[in-house]
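Take a look at the structure set out below.
The values are calculated or read from the model by the stated rules, or taken from the named source; none is laboratory data. Keep in mind the model is a prediction, meaning the values are calculated, not measured. Cβ sites come from the backbone with ideal geometry, for glycine too, and all protein chains shown count toward neighbours. The accessibility values were calculated without ligands, DNA or RNA, using every heavy atom of the protein model including side chains. Shrake-Rupley method; radii C 1.70, N 1.55, O 1.52, S 1.80 Å.
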Amino acid sequence: MSRRQFVATAATATIAGPMIFSQAAQAASRKGKLNHASIGVGGMGFHDLQQFKSHPNVQIVALCDVDANNLKKAAELIPGARLYSDWRELFKKEGKKIDSVNVTVPDHNHFAIAMQALRNGKHVYCQKPMCHDVAEVRMLTQTAVKAGVITQLGTQIASGKGDRTAVQWIKEGAIGKIKHAYLCSNRPGAIDTYRLVGPRPAQGQEPPAHLNWDLWIGTAPERPYAPEIYHPTKWRAWQDFGTGWSGDIGCHIFDAVWKGLGLKPPISVVAEVQQSWKDAPERRADTWPQGDHITWMFPGNDLTEEKVLPLEWFDGAFYPPQEIRSLYNGKEYPAESAMLIGTEGALLIPHGGMPVLLPEDKFKAHTLPELEERNHYHHFVDACLGGPKTESHFAQSGPMTEAIILGTVAIRVPGQLLEWDTMNMKFPNYPGAEKYLRRSYRKGWEVKGL
């Protein structure tokens, strides 16, 4: 499928979504139950498993995890489920026994698993970010649209009242035309917990008996196991496995802004990073920086003041400008949030909270829309069983994820403006950065077509 064909197909899927998605779900809806497999059941995977279990029409029939301890805990929650350590074996043996899967594993293996599910005609719930690389996101989005199955990105807050209220306010022009967007994730403690400086140990050691390290590595380059820096959560710090802080949290903070403004692929992107990481070749080759400031230029539209919209991202030691934070009337600025500056005011969207129109006195009479509570996981299940299309289906969340992962490419060439030719997936002014759009998979883990 060419890029031009994809754009047309994605547009059709967005407009006629309920028809396409409900047709794909007919087989499952006839049964009235969804036979589901959870791939990745430790950490966030265990949370996802509990959420799917709580839906009365879900039957979790298979569980998969490379860590036997995780699998044991999940099996106690779902007695009778068939157990696997290798997701490839799960797909081979389960065949027509499952209708859907959730993919809740480290970023570097998202694409391979989700693509196999789509090619098997399964509905897919995939944790954010959708994929590790831009090329993966593009192909997975195209495949999902073509397959016509139900998909949902794990942007749980997107289904909440807060983000949906923000989307409605943006679309109705509550603060006028949008001039600038400032997004941030300055979560306390996140640097020490998730963003390792490195380097990796000169020598590894034998992995614990409960962990299948080869399966954990999956598509990534082979490296020896080392304790406490990869599994279970520190993998996000390493370029081979994670997508940095902007890739990890960006999908959450971007979602309402992207959806509300109806953004299209960016025109350009550039990143500023911490100097200590920039000056250390060994760190730049292996880990993500502990802080960055990324600026995208997006095409404007009827909701923006100008023909181009600047959107900035801040994390780690980089913060939105003080004059922007001060707009919140002296209150503590939300550590993870989006701020839109409009011609008639500003809109603050705290992550997980209700949006605030600023200045508050000016908008005190502005009423909240009446929106029902919505569970992101249950919404996916309901869609699989013939209900309305999902909030974060891949035709919508794929292009957004692609823009976010472009930011991680810019991080790796700090200070270099990258002009983006989305049709051809090229940087016309700096082709040297194109090597970061896709990676080579470890032998034996290749995905056909990529």
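A residue that is under 30 Å from N301 (Cβ atoms), in a loop (DSSP other than H, G, I, E, B) and over 21 Å from the mean Cα position of the chain (by Cα) occurs somewhere in the range 176-193. Is at least one residue of the range 67-74 out of contact with any strand residue (DSSP E or B) (no Cβ under 6 Å at 6 or more places or on another chain) and farther than 13 Å from G40 by Cα? No, the conditions are met nowhere in the range 67-74. Kindly indicate whether R223 is on the phi < 0 side of the Ramachandran plot and in contact with a helix residue (DSSP H, G or I) (Cβ under 6 Å, 6 or more places away or on another chain). It is false that R223 is on the phi < 0 side of the Ramachandran plot and in contact with a helix residue (DSSP H, G or I) (Cβ under 6 Å, 6 or more places away or on another chain).
Per-residue answers, yes or no, for (1) closer than 30 Å to I217 by Cβ; (2) part of a loop (DSSP other than H, G, I, E, B); (3) open to solvent by 10 Å² or more (accessible area, probe 1.4 Å); (4) at pLDDT below 95:
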| position | (1), (2), (3), (4) |
| --- | --- |
| A28 | no, no, no, yes |
| N35 | yes, no, yes, no |
| Q50 | yes, no, yes, no |
| L63 | yes, no, no, no |
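When the range 300-322 is limited to residues that are under 23 Å from I191 (Cα atoms) and among the small types (G, A, S), the one that is most open to solvent (accessible area, probe 1.4 Å) turns out to be A317.
Y125 falls short of the stated requirement of being over 26 Å from F254 (Cα atoms), aromatic (F, W, Y), touching a strand residue (DSSP E or B) at 6+ places or on another chain (Cβ under 6 Å) and open to solvent by less than 30 Å² (accessible area, probe 1.4 Å).
Whenever a residue of the range 418-439 is in a helix (DSSP H, G or I), its partners that are surrounded by 14 or more Cβ atoms within 10 Å (Cβ to Cβ), lying with C-beta atoms within less than 6 angstrom and at least six residues away or across chains, give the pairs A433/V409; A433/V413; A433/L418; A433/F427; E434/F427; Y436/V409; Y436/R412. For the range 365-396, residues that are buried (at least 18 other Cβ atoms within 10 Å of the Cβ) and either under 18 Å from the mean Cα position of the chain (by Cα) or within 18 Å of T155 (Cβ to Cβ) (or both) total 17. Restricting the first member to the range 284-299 and to residues that are more than 28 Å from K264 (Cα to Cα) and open to solvent by less than 10 Å² (accessible area, probe 1.4 Å), and the second to residues that are part of a loop (DSSP other than H, G, I, E, B) and of a type in the set (K, R), the beta-carbon pairs closer than 9 Å and six or more apart or on different chains are T287/R195; T287/R200. Selection of the range 323-364 for residues being crowded, with 20+ Cβ neighbours inside 10 Å and among the polar types (S, T, N, Q) yields only S337. Checked against (1) at positive phi; (2) open to solvent by less than 50 Å² (accessible area, probe 1.4 Å), E228 passes all but condition (2).
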